[in-house]
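Here, each number is a calculation from the coordinates, and none is a lab measurement. Since the structure is predicted, the reported quantities are computational estimates derived from the model, not experimental observations. Here the Cβ is made from the backbone with ideal geometry for all residues, glycine too, and neighbour counts use every protein chain on show.
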Amino acid sequence: MTQTTIPAVSQWQTICPLTRIIPNTGVCALVNNEQVAIFRIGDEVFAIANYDPFSKAYVLSRGIVGDRQGIPKVASPIYKQNFNLITGECLDDESVSVPVFPVRVTDGQIQVGIT
């Protein structure tokens, strides 16, 4: 498994309150003109690109959230490939990955980092 390095954040964009995302689901947000899939698992949040490289569609935010051996993941709603929400790596094909974005919760608000 490859280690993903997230670049330094130059600013944070507030997306929405944490309470607006139902636990174990995802939403899509436009961040710096890029679609970002934001997932809430309990009170943890993750952010990856919304683009599914297998179906070539912007659909990952609509995927099924779960875990594989303790690794938080989302299954694409089209062809069901699973993506690690921490690293962006495809758990079914290690040669494929999606970008990961810095994300945090501050004062109850989800924020995505812009690099």
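What number of residues within the stretch 65-78 are hydrophobic (A, V, I, L, M, F, W, C) and outside any strand (DSSP E or B)?
Of all residues in the stretch 65-78, those hydrophobic (A, V, I, L, M, F, W, C) come to 65, 71, 74-75, 78.
Among the residues that remain, those that are also outside any strand (DSSP E or B) are: 78.
Matching residues across the stretch 65-78 total 1.
For residues that are among the hydrophobic types (A, V, I, L, M, F, W, C) and under 13 Å from the mean Cα position of the chain (by Cα), scanning just the stretch 98-115, find the one that is farthest from ARG20 (Cα to Cα).
Taking the stretch 98-115 as the starting set, the residues that turn out to be among the hydrophobic types (A, V, I, L, M, F, W, C) are 98, 100-101, 103, 105, 110, 112, 114.
From what is left, the residues that are under 13 Å from the mean Cα position of the chain (by Cα) are 98, 100-101, 103, 110, 112.
On the way: VAL98: 25, VAL100: 21, PHE101: 20, VAL103: 16, ILE110: 10, VAL112: 15 Å.
Across the stretch 98-115, the extreme among qualifying residues is VAL98.
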Positions within the stretch 60-97 being over 9 Å from the mean Cα position of the chain (by Cα), of a type outside the set (D, E, K, R) and more than 17 Å from ASN24 (Cβ to Cβ), in sequence order:
GLN69, ILE78, TYR79, GLN81, THR87, CYS90, LEU91, SER95, VAL96, SER97
Considering residues of the stretch 16-64 that are of a type in the set (D, E, K, R) and assigned to a loop (DSSP other than H, G, I, E, B) only, the residue farthest from SER97 (Cα to Cα):
ASP43
From the option list VAL112, VAL98, single residue qualifying as surrounded by 15 or more Cβ atoms within 10 Å (Cβ to Cβ) and free of Cβ contacts under 8 Å to residues at least 60 places away in the same chain is VAL98
Restricting to the stretch 18-65, what's the tally of residues that are without any contact (Cβ under 8 Å) to a residue 24 or more places away in the chain and small (Gly, Ala, Ser)?
2
I'm trying to understand the selection: among the residues of the stretch 71-92, which are aliphatic (A, V, I, L, M), within 21 Å of ILE22 (Cα to Cα) and surrounded by fewer than 17 Cβ atoms within 10 Å (Cβ to Cβ)?
ILE71, ILE86
Can you tell me which residue in the stretch 13-70 is surrounded by the most Cβ atoms within 10 Å (Cβ to Cβ), limited to those that are of a type in the set (D, E, K, R) and more than 21 Å from LEU91 (Cα to Cα)?
GLU34
